[in-house]
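For reference, the structure discussed in these notes is given below.
The values are calculated or read from the model by the stated rules, or taken from the named source; none is laboratory data. Here the structure is a predicted model, which is why all the values come from computation and not from measurement. Glycine gets a Cβ as well: all are built from the backbone with ideal geometry, and neighbour counts include every protein chain shown.
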Amino acid sequence: MRRSAIIIILAAVMVFPMTISTLSADPLNDAIQRQRQIEQSRKQAENKLNSLQKTEEIKKKELSMIIQQLDTAKINLTEAEDALREVEEEVQISRENLEETKQQLADRQETLGKRVRNIYEEGQLSYLDILFQSTDLSDFITRVEYFKILVENDQNLLADIKEQKQLVENKTAELQQKRDLAAELQQSAVNAKLNFDQKKSAQQKTLAEIEKSQEELFIQIEKLEADSKKLEETIRNLQAANKNGVVGTIRIWPLPGYYTISSDYGWRIHPITRKRSLHTGVDIPAPAWTPLLAAAEGTVIYSGWYSAAYGNAVIIDHGNGMSTMYPHQVKVATKYGDIVKAGQVIGYVGSTGWSTGPHTHLEVRKNGVPVNPMDYFK
Ligand SMILES: [Zn+2]
(Lines give C-alpha, C1' and ligand atoms only; values in the text may rest on other atoms or scores of the structure.)
Protein backbone atom coordinates (compact mmCIF):
# COMPACT_ATOMS: atom_id res chain seq x y z
CA MET A 1 0.00 0.00 0.00
CA ARG A 2 2.67 2.47 1.12
CA ARG A 3 5.16 1.24 -1.48
CA SER A 4 2.64 1.51 -4.28
CA ALA A 5 1.78 5.07 -3.22
CA ILE A 6 5.45 6.02 -3.42
CA ILE A 7 5.79 4.40 -6.83
CA ILE A 8 2.76 6.29 -8.15
CA ILE A 9 4.15 9.58 -6.83
CA LEU A 10 7.60 8.91 -8.25
CA ALA A 11 6.13 7.89 -11.59
CA ALA A 12 4.04 11.05 -11.71
CA VAL A 13 7.06 13.19 -10.80
CA MET A 14 9.19 11.57 -13.51
CA VAL A 15 6.52 11.90 -16.18
CA PHE A 16 5.60 15.52 -15.63
CA PRO A 17 8.77 17.45 -16.49
CA MET A 18 8.55 15.88 -19.96
CA THR A 19 4.91 16.86 -20.40
CA ILE A 20 5.61 20.47 -19.42
CA SER A 21 7.74 21.06 -22.50
CA THR A 22 5.02 19.62 -24.73
CA LEU A 23 2.22 21.68 -23.18
CA SER A 24 0.73 24.27 -25.43
CA ALA A 25 -1.52 27.08 -24.31
CA ASP A 26 -0.50 27.93 -20.79
CA PRO A 27 2.79 26.40 -19.62
CA LEU A 28 3.01 28.67 -16.59
CA ASN A 29 -0.41 27.69 -15.36
CA ASP A 30 0.39 24.03 -16.06
CA ALA A 31 3.59 24.30 -14.01
CA ILE A 32 1.64 25.86 -11.18
CA GLN A 33 -1.01 23.13 -11.46
CA ARG A 34 1.74 20.53 -11.38
CA GLN A 35 3.32 22.11 -8.34
CA ARG A 36 -0.11 22.15 -6.77
CA GLN A 37 -0.42 18.39 -7.34
CA ILE A 38 2.99 17.81 -5.79
CA GLU A 39 2.01 19.95 -2.84
CA GLN A 40 -1.11 17.85 -2.44
CA SER A 41 0.94 14.65 -2.49
CA ARG A 42 3.27 16.20 0.03
CA LYS A 43 0.31 17.18 2.19
CA GLN A 44 -0.96 13.62 2.08
CA ALA A 45 2.47 12.30 3.06
CA GLU A 46 2.69 14.85 5.85
CA ASN A 47 -0.78 13.91 7.11
CA LYS A 48 0.25 10.29 7.16
CA LEU A 49 3.46 11.20 8.96
CA ASN A 50 1.51 13.28 11.42
CA SER A 51 -0.86 10.44 12.21
CA LEU A 52 2.11 8.04 12.52
CA GLN A 53 3.73 10.44 14.96
CA LYS A 54 0.53 10.50 17.01
CA THR A 55 0.35 6.70 16.94
CA GLU A 56 4.01 6.58 17.94
CA GLU A 57 3.35 8.85 20.93
CA ILE A 58 0.46 6.66 22.05
CA LYS A 59 2.51 3.48 21.57
CA LYS A 60 5.42 5.00 23.50
CA LYS A 61 3.10 5.88 26.39
CA GLU A 62 1.69 2.35 26.29
CA LEU A 63 5.22 0.94 26.28
CA SER A 64 6.24 2.98 29.32
CA MET A 65 3.10 1.74 31.09
CA ILE A 66 3.95 -1.85 30.16
CA ILE A 67 7.50 -1.33 31.44
CA GLN A 68 6.08 0.01 34.72
CA GLN A 69 3.77 -2.99 34.97
CA LEU A 70 6.70 -5.26 34.16
CA ASP A 71 8.79 -3.64 36.91
CA THR A 72 5.93 -4.16 39.36
CA ALA A 73 5.59 -7.77 38.18
CA LYS A 74 9.34 -8.29 38.73
CA ILE A 75 9.11 -6.88 42.28
CA ASN A 76 6.04 -9.04 42.96
CA LEU A 77 7.91 -12.08 41.67
CA THR A 78 10.95 -11.40 43.87
CA GLU A 79 8.66 -10.95 46.88
CA ALA A 80 6.74 -14.14 46.06
CA GLU A 81 10.01 -16.04 45.68
CA ASP A 82 11.31 -14.69 49.02
CA ALA A 83 8.02 -15.56 50.73
CA LEU A 84 8.10 -19.06 49.28
CA ARG A 85 11.72 -19.59 50.34
CA GLU A 86 10.93 -18.36 53.86
CA VAL A 87 7.91 -20.60 54.29
CA GLU A 88 9.81 -23.56 52.85
CA GLU A 89 12.49 -23.01 55.50
CA GLU A 90 9.78 -22.85 58.17
CA VAL A 91 8.27 -26.10 56.87
CA GLN A 92 11.71 -27.70 56.99
CA ILE A 93 12.35 -26.56 60.58
CA SER A 94 8.87 -27.69 61.63
CA ARG A 95 9.44 -31.12 60.07
CA GLU A 96 12.73 -31.45 61.94
CA ASN A 97 10.95 -30.48 65.19
CA LEU A 98 8.35 -33.09 64.48
CA GLU A 99 11.01 -35.75 63.87
CA GLU A 100 12.72 -34.77 67.11
CA THR A 101 9.47 -34.88 69.08
CA LYS A 102 8.61 -38.25 67.57
CA GLN A 103 12.03 -39.51 68.61
CA GLN A 104 11.56 -38.15 72.13
CA LEU A 105 8.19 -39.80 72.30
CA ALA A 106 9.60 -43.12 71.13
CA ASP A 107 12.49 -42.91 73.65
CA ARG A 108 10.16 -42.00 76.46
CA GLN A 109 7.71 -44.77 75.53
CA GLU A 110 10.55 -47.25 75.57
CA THR A 111 11.83 -46.08 78.96
CA LEU A 112 8.35 -46.17 80.41
CA GLY A 113 7.66 -49.56 78.84
CA LYS A 114 10.79 -50.97 80.42
CA ARG A 115 9.94 -49.56 83.81
CA VAL A 116 6.37 -50.77 83.64
CA ARG A 117 7.52 -54.21 82.61
CA ASN A 118 10.03 -54.21 85.43
CA ILE A 119 7.41 -53.32 87.96
CA TYR A 120 4.34 -55.17 86.75
CA GLU A 121 5.68 -58.15 84.84
CA GLU A 122 8.59 -58.89 87.08
CA GLY A 123 6.80 -57.16 89.94
CA GLN A 124 6.69 -60.14 92.29
CA LEU A 125 10.42 -60.57 92.17
CA SER A 126 11.01 -56.89 92.46
CA TYR A 127 8.74 -56.58 95.36
CA LEU A 128 10.53 -59.50 96.99
CA ASP A 129 13.86 -57.90 96.17
CA ILE A 130 12.67 -54.67 97.55
CA LEU A 131 11.25 -56.42 100.54
CA PHE A 132 14.41 -58.34 101.24
CA GLN A 133 16.50 -55.34 100.69
CA SER A 134 14.30 -53.18 102.87
CA THR A 135 15.55 -52.56 106.31
CA ASP A 136 12.01 -52.38 107.69
CA LEU A 137 8.38 -52.04 106.59
CA SER A 138 8.50 -48.28 106.37
CA ASP A 139 11.52 -48.52 104.11
CA PHE A 140 9.63 -51.08 101.97
CA ILE A 141 6.61 -48.73 101.61
CA THR A 142 8.90 -45.85 100.74
CA ARG A 143 10.49 -47.94 98.01
CA VAL A 144 7.09 -48.99 96.54
CA GLU A 145 5.91 -45.35 96.61
CA TYR A 146 9.10 -44.32 94.87
CA PHE A 147 8.36 -46.65 91.94
CA LYS A 148 4.77 -45.45 91.74
CA ILE A 149 5.88 -41.83 91.54
CA LEU A 150 8.49 -42.73 88.95
CA VAL A 151 5.85 -44.39 86.73
CA GLU A 152 3.39 -41.53 87.20
CA ASN A 153 6.04 -39.02 86.24
CA ASP A 154 6.87 -40.99 83.12
CA GLN A 155 3.19 -41.15 82.16
CA ASN A 156 2.79 -37.41 82.62
CA LEU A 157 5.84 -36.71 80.57
CA LEU A 158 4.57 -39.06 77.88
CA ALA A 159 1.25 -37.19 77.74
CA ASP A 160 3.14 -33.92 77.47
CA ILE A 161 5.23 -35.17 74.60
CA LYS A 162 2.14 -36.55 72.81
CA GLU A 163 0.49 -33.18 73.14
CA GLN A 164 3.66 -31.50 71.92
CA LYS A 165 3.81 -33.88 68.94
CA GLN A 166 0.21 -33.06 68.03
CA LEU A 167 0.98 -29.35 68.13
CA VAL A 168 4.04 -29.73 65.93
CA GLU A 169 2.05 -31.89 63.50
CA ASN A 170 -0.64 -29.25 63.26
CA LYS A 171 1.91 -26.50 62.82
CA THR A 172 3.65 -28.48 60.06
CA ALA A 173 0.38 -29.07 58.21
CA GLU A 174 -0.48 -25.38 58.50
CA LEU A 175 2.94 -24.37 57.17
CA GLN A 176 2.65 -26.79 54.27
CA GLN A 177 -0.64 -25.16 53.29
CA LYS A 178 1.03 -21.78 53.54
CA ARG A 179 3.88 -23.08 51.38
CA ASP A 180 1.43 -24.33 48.72
CA LEU A 181 -0.27 -20.93 48.63
CA ALA A 182 3.10 -19.16 48.33
CA ALA A 183 4.04 -21.51 45.48
CA GLU A 184 0.79 -20.63 43.68
CA LEU A 185 1.44 -16.92 44.13
CA GLN A 186 4.98 -17.33 42.89
CA GLN A 187 3.71 -19.16 39.80
CA SER A 188 1.17 -16.45 39.00
CA ALA A 189 3.90 -13.81 39.49
CA VAL A 190 6.06 -15.74 36.99
CA ASN A 191 3.13 -15.78 34.53
CA ALA A 192 2.42 -12.07 35.01
CA LYS A 193 6.06 -11.19 34.37
CA LEU A 194 6.12 -13.40 31.27
CA ASN A 195 2.94 -11.75 29.99
CA PHE A 196 4.42 -8.25 30.37
CA ASP A 197 7.71 -9.39 28.84
CA GLN A 198 5.80 -10.55 25.75
CA LYS A 199 3.72 -7.35 25.62
CA LYS A 200 6.89 -5.28 25.89
CA SER A 201 8.63 -6.98 22.96
CA ALA A 202 5.45 -6.82 20.82
CA GLN A 203 5.17 -3.09 21.55
CA GLN A 204 8.86 -2.51 20.76
CA LYS A 205 8.40 -4.33 17.46
CA THR A 206 5.39 -2.13 16.58
CA LEU A 207 7.36 1.00 17.46
CA ALA A 208 10.29 -0.08 15.29
CA GLU A 209 7.87 -0.58 12.37
CA ILE A 210 6.33 2.86 12.94
CA GLU A 211 9.78 4.45 12.99
CA LYS A 212 10.69 2.71 9.74
CA SER A 213 7.49 3.96 8.08
CA GLN A 214 8.25 7.46 9.33
CA GLU A 215 11.73 7.36 7.82
CA GLU A 216 10.24 6.27 4.50
CA LEU A 217 7.76 9.15 4.64
CA PHE A 218 10.49 11.65 5.51
CA ILE A 219 12.40 10.52 2.40
CA GLN A 220 9.21 10.78 0.35
CA ILE A 221 8.49 14.29 1.66
CA GLU A 222 12.05 15.43 1.00
CA LYS A 223 11.79 14.13 -2.57
CA LEU A 224 8.51 15.97 -3.08
CA GLU A 225 10.02 19.14 -1.64
CA ALA A 226 12.91 18.85 -4.10
CA ASP A 227 10.43 18.37 -6.97
CA SER A 228 8.48 21.37 -5.79
CA LYS A 229 11.69 23.44 -5.81
CA LYS A 230 12.45 22.36 -9.39
CA LEU A 231 8.98 23.42 -10.45
CA GLU A 232 9.47 26.71 -8.65
CA GLU A 233 12.44 27.30 -10.92
CA THR A 234 10.35 26.38 -13.96
CA ILE A 235 7.68 28.88 -12.85
CA ARG A 236 10.36 31.53 -12.30
CA ASN A 237 11.75 31.01 -15.79
CA LEU A 238 8.29 31.10 -17.32
CA GLN A 239 7.51 34.29 -15.44
CA ALA A 240 10.76 35.87 -16.65
CA ALA A 241 9.73 34.95 -20.19
CA ASN A 242 6.39 36.72 -19.69
CA LYS A 243 7.64 39.92 -21.36
CA ASN A 244 4.20 41.23 -22.18
CA GLY A 245 3.29 41.39 -18.51
CA VAL A 246 2.26 44.61 -16.85
CA VAL A 247 4.95 46.02 -14.58
CA GLY A 248 3.99 47.27 -11.16
CA THR A 249 5.67 48.27 -7.88
CA ILE A 250 4.45 46.66 -4.69
CA ARG A 251 3.10 49.48 -2.51
CA ILE A 252 -0.56 48.86 -1.58
CA TRP A 253 -1.29 47.04 1.71
CA PRO A 254 -3.82 44.36 0.65
CA LEU A 255 -5.95 44.66 3.80
CA PRO A 256 -6.47 48.32 4.74
CA GLY A 257 -7.37 48.58 8.44
CA TYR A 258 -5.84 45.22 9.31
CA TYR A 259 -2.20 45.58 10.25
CA THR A 260 -1.72 42.88 12.92
CA ILE A 261 0.76 40.17 11.92
CA SER A 262 -0.10 36.87 13.63
CA SER A 263 2.90 35.02 12.19
CA ASP A 264 6.05 36.64 10.81
CA TYR A 265 8.03 35.71 7.74
CA GLY A 266 11.10 33.61 8.56
CA TRP A 267 12.60 30.35 9.65
CA ARG A 268 10.72 28.24 12.16
CA ILE A 269 10.56 24.57 13.18
CA HIS A 270 7.96 22.99 10.92
CA PRO A 271 5.21 21.55 13.13
CA ILE A 272 4.89 18.44 10.99
CA THR A 273 8.30 17.45 9.62
CA ARG A 274 10.11 18.79 12.74
CA LYS A 275 12.62 20.30 10.39
CA ARG A 276 13.64 23.93 10.14
CA SER A 277 11.47 25.42 7.46
CA LEU A 278 10.68 28.83 6.08
CA HIS A 279 7.37 30.56 6.77
CA THR A 280 7.17 32.03 3.29
CA GLY A 281 4.90 34.98 4.05
CA VAL A 282 3.21 37.01 6.77
CA ASP A 283 -0.17 36.06 8.24
CA ILE A 284 -2.65 38.94 8.52
CA PRO A 285 -5.91 38.07 10.32
CA ALA A 286 -9.10 39.76 9.07
CA PRO A 287 -12.80 38.86 9.10
CA ALA A 288 -14.04 36.50 6.39
CA TRP A 289 -15.16 38.24 3.21
CA THR A 290 -12.95 41.29 3.80
CA PRO A 291 -11.97 42.43 0.27
CA LEU A 292 -8.37 41.68 -0.68
CA LEU A 293 -6.56 44.33 -2.74
CA ALA A 294 -3.80 43.82 -5.30
CA ALA A 295 -0.50 45.07 -3.85
CA ALA A 296 0.52 46.40 -7.28
CA GLU A 297 -0.44 46.44 -10.92
CA GLY A 298 0.17 43.17 -12.68
CA THR A 299 -1.04 40.09 -14.54
CA VAL A 300 -2.98 37.36 -12.75
CA ILE A 301 -0.93 34.19 -13.34
CA TYR A 302 -2.95 32.01 -11.04
CA SER A 303 -6.50 32.16 -9.67
CA GLY A 304 -8.48 29.37 -8.03
CA TRP A 305 -7.92 26.35 -5.82
CA TYR A 306 -4.15 26.12 -5.37
CA SER A 307 -3.43 23.36 -2.83
CA ALA A 308 -4.52 21.69 0.38
CA ALA A 309 -2.14 24.02 2.19
CA TYR A 310 -2.95 27.28 0.42
CA GLY A 311 -6.62 26.73 -0.43
CA ASN A 312 -7.99 29.30 -2.91
CA ALA A 313 -5.22 31.61 -4.09
CA VAL A 314 -4.45 34.39 -6.51
CA ILE A 315 -0.91 34.99 -7.82
CA ILE A 316 -0.12 38.27 -9.52
CA ASP A 317 2.98 38.75 -11.65
CA HIS A 318 4.29 42.30 -11.33
CA GLY A 319 7.09 41.94 -13.89
CA ASN A 320 10.84 42.21 -13.15
CA GLY A 321 10.60 38.76 -11.51
CA MET A 322 8.27 40.02 -8.76
CA SER A 323 5.04 38.29 -7.80
CA THR A 324 2.56 38.37 -4.92
CA MET A 325 0.34 35.56 -3.68
CA TYR A 326 -2.89 35.72 -1.64
CA PRO A 327 -3.96 32.29 -0.34
CA HIS A 328 -6.77 31.01 1.97
CA GLN A 329 -9.45 33.07 0.13
CA VAL A 330 -13.11 32.27 0.63
CA LYS A 331 -13.65 33.35 -2.97
CA VAL A 332 -11.40 34.66 -5.74
CA ALA A 333 -12.49 37.67 -7.79
CA THR A 334 -10.11 37.38 -10.78
CA LYS A 335 -9.26 34.88 -13.44
CA TYR A 336 -6.06 33.78 -15.12
CA GLY A 337 -4.68 36.40 -17.48
CA ASP A 338 -6.54 39.35 -15.94
CA ILE A 339 -4.65 42.63 -15.82
CA VAL A 340 -5.22 44.19 -12.39
CA LYS A 341 -4.60 47.69 -11.08
CA ALA A 342 -2.94 48.42 -7.73
CA GLY A 343 -5.63 48.36 -5.02
CA GLN A 344 -8.14 46.47 -7.15
CA VAL A 345 -10.24 43.83 -5.32
CA ILE A 346 -8.85 40.43 -6.33
CA GLY A 347 -10.73 38.22 -3.86
CA TYR A 348 -12.03 37.83 -0.30
CA VAL A 349 -10.43 36.77 2.99
CA GLY A 350 -11.26 33.21 4.05
CA SER A 351 -9.91 30.19 5.85
CA THR A 352 -9.42 27.66 3.05
CA GLY A 353 -6.37 25.35 3.15
CA TRP A 354 -4.29 24.99 6.29
CA SER A 355 -5.72 27.77 8.35
CA THR A 356 -7.03 28.08 11.88
CA GLY A 357 -9.08 31.19 11.14
CA PRO A 358 -9.79 33.82 8.45
CA HIS A 359 -6.52 35.45 7.41
CA THR A 360 -4.32 36.23 4.45
CA HIS A 361 -0.89 34.74 4.13
CA LEU A 362 0.69 37.47 2.04
CA GLU A 363 3.57 36.09 0.07
CA VAL A 364 6.02 38.10 -2.05
CA ARG A 365 8.38 36.31 -4.40
CA LYS A 366 11.42 37.67 -6.15
CA ASN A 367 12.42 35.47 -9.10
CA GLY A 368 10.24 32.75 -7.58
CA VAL A 369 11.96 32.83 -4.19
CA PRO A 370 9.94 34.00 -1.17
CA VAL A 371 11.19 37.22 0.41
CA ASN A 372 10.02 39.15 3.47
CA PRO A 373 6.84 41.01 2.39
CA MET A 374 7.34 43.63 5.12
CA ASP A 375 10.40 44.95 3.22
CA TYR A 376 7.91 46.36 0.69
CA PHE A 377 5.63 48.05 3.19
CA LYS A 378 7.74 50.46 5.22
ZN1 LIG B 1 1.22 31.85 6.58
**Message:** Could you go through segment 349-363 and let me know if any residue there is in contact (Cβ under 8 Å) with a residue 60 or more places away in the chain, in a strand (DSSP E or B), more than 12 Å from the ligand (Cβ to nearest atom) and touching a Phe, Trp or Tyr at 6+ places or on another chain (Cβ under 7 Å).
**Reply:** no
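Going through segment 352-378 one residue at a time, which ones are of a type in the set (Phe, Trp, Tyr) and under 15 Å from residue 261 (Cβ atoms)? Let's see the steps before the verdict.
The initial filter retains those residues of segment 352-378 that are of a type in the set (Phe, Trp, Tyr), namely 354, 376-377.
Within segment 352-378, 376, 377 qualify.
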**Fill in**
Those residues of segment 265-286 that are within 28 Å of residue 333 (Cβ to Cβ), part of a loop (DSSP other than H, G, I, E, B) and either away from the ligand (no atom under 16 Å from the Cβ) or at pLDDT 90 or above (or both) come to a total of 3
**Item:** Selection from segment 332-378 of residues that are under 23 Å from residue 264 (Cα atoms), over 41 Å from the mean Cα position of the chain (by Cα) and polar (S, T, N, Q)
**Value:** 367
**Request:** Collect the residues in segment 287-298 that are crowded, with 23+ Cβ neighbours inside 10 Å and in a strand (DSSP E or B), keeping them in residue-number order.
**Result:** 292, 298
**Asked** In segment 306-331, which residues are in a strand (DSSP E or B), without any contact (Cβ under 8 Å) to a residue 60 or more places away in the chain, more than 14 Å from the ligand (Cβ to nearest atom) and surrounded by fewer than 22 Cβ atoms within 10 Å (Cβ to Cβ)?
**Response** 312, 331
**Item:** Whichever residue in segment 336-348 is surrounded by fewer than 17 Cβ atoms within 10 Å (Cβ to Cβ) and part of a strand (DSSP E or B) and, among such residues, is nearest to the ligand (Cβ to nearest atom)
**Value:** 345
**Asked** For residue 302, which of the numbered conditions (1) crowded, with 18+ Cβ neighbours inside 10 Å; (2) more than 30 Å from residue 218 (Cβ to Cβ); (3) away from the ligand (no atom under 16 Å from the Cβ); (4) not polar (S, T, N, Q) fails to hold?
**Response** (2)
**Request:** Hey, could you check segment 133-169 for residues that are hydroxyl-bearing (Ser, Thr, Tyr) and at pLDDT 75 or above and say which is nearest to residue 117 (Cα to Cα)?
**Result:** 146
